[in-house]
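Laboratory data are not the source of any read-out in this text; all were calculated from the coordinates shown. These numbers were taken from a predicted model, which means no experiment stands behind them. Cβ coordinates were reconstructed from backbone atoms using ideal geometry, including for glycine residues, and neighbour counts include every protein chain displayed.
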Amino acid sequence: MQYAVLITGCSSGIGLEAAKMLQDRNFLVVASCRKKEDVGVLKEQGIKHVVQLDLADSTSIQQGLEETLAITQGKLFALFNNGAYGQPGAVEDLPVEVLRTQFESNFFGTHELTTKVLKLMLTQGYGRIVNNSSVLGLVAAPFRGAYNASKFALEGLTDTLRLELSDTPIKVSLIEPGPIESRFRVNALVALKENIDMENSRHKKGYEEAVARLSKEGATSSQTLSASAVVSKLIHALESSRPKARYYVTLPTYGAVLMRRVLPTCLLDWVMRRQGA
């Protein structure tokens, strides 16, 4: 029996690596991507089943799920909520509509898809839901307020869902990566330039530093890991009879967990302010 898994955000990075590695482990993988043009690209890379699913569009979510269930014959063992992006910018510079857009993709769309899938899982009597969060769902960093907020919200919703499903066969897990090789910085740079008025902000110098950092090619930290490090945690969450509630990935994530537990807020703030824009 092949276990069917739906993965969001598969155009690159963690989602793409998850689709490849799980397919190699004989899962029936349905990879989803936001852009229609990426469907063909993913199939060319060897992903057998690909659907378009835009988390910011309810119609797309419904259509993508229907296509998925047609492929899986109405069954779904797991949902890996990976699709997300990062909107940089100081909180005071974030237009409300930009913050709403961040939440549509990173939070509301994920919630909408999860609730639809959950009805199916409860009916079939089994299932796994794995949400990909971030170290920035554990601690806040400056100039990342929109992304911080979306991931803090995802963490709270996931914890609540896990508690509410404790009397069911459905297992819920969080994965919390730190720096991972992906197109995250490339996409963040586009979002920064398109949505933030950097020139007229009191944080102009900080934004110049952010543009320089986001424009660099390759890993920006010696502690950056490949996307496969995240997928290895995902595999445990899917295959273990007792999946963990939380999976930490990268040394910075473990460090953030420790600092949040032992440091007073003023000292933790000092550490995080050094992260810069």
Do we find a residue being under 17 Å from Ser134 (Cα atoms), among the small types (Gly, Ala, Ser), touching a Gly at 6+ places or on another chain (Cβ under 7 Å) and part of a helix (DSSP H, G or I) anywhere in the stretch 182-198? yes
Check Ser150, Ser134 and return the single one that is touching an Asp or Glu at 6+ places or on another chain (Cβ under 8 Å), buried (at least 22 other Cβ atoms within 10 Å of the Cβ) and of a type outside the set (Lys, Arg). Ser134
Filter result for the condition that a residue is closer than 26 Å to Glu155 by Cα and either in a loop (DSSP other than H, G, I, E, B) or within 18 Å of the chain's Cα centre (by Cα) (or both), over Met21, Met1: Met21
Give me the pairs: first residue in the stretch 38-63 and in contact (Cβ under 8 Å) with a residue 60 or more places away in the chain, second residue surrounded by 15 or more Cβ atoms within 10 Å (Cβ to Cβ) and assigned to a loop (DSSP other than H, G, I, E, B), beta-carbon distance under 7 Å, and six or more apart or on different chains, which are they? Leu53/Thr8
Looking at (1) farther than 30 Å from Asp197 by Cα; (2) out of contact with any His (no Cβ under 7 Å at 6 or more places or on another chain), which is the only condition Asp57 fails? (1)
What's the total number of residues in the stretch 208-238 that are in contact (Cβ under 8 Å) with a residue 12 or more places away in the chain and under 23 Å from Lys20 (Cα atoms)? 14
List every residue pair whose Cβ atoms sit under 6 Å apart, with the two residues 6 or more apart in sequence or on different chains, where the first one lies in the stretch 248-269 and is free of Cβ contacts under 8 Å to residues at least 24 places away in the same chain and the second, anywhere, is of a type outside the set (A, V, I, L, M) and surrounded by 15 or more Cβ atoms within 10 Å (Cβ to Cβ). Tyr254/Tyr248
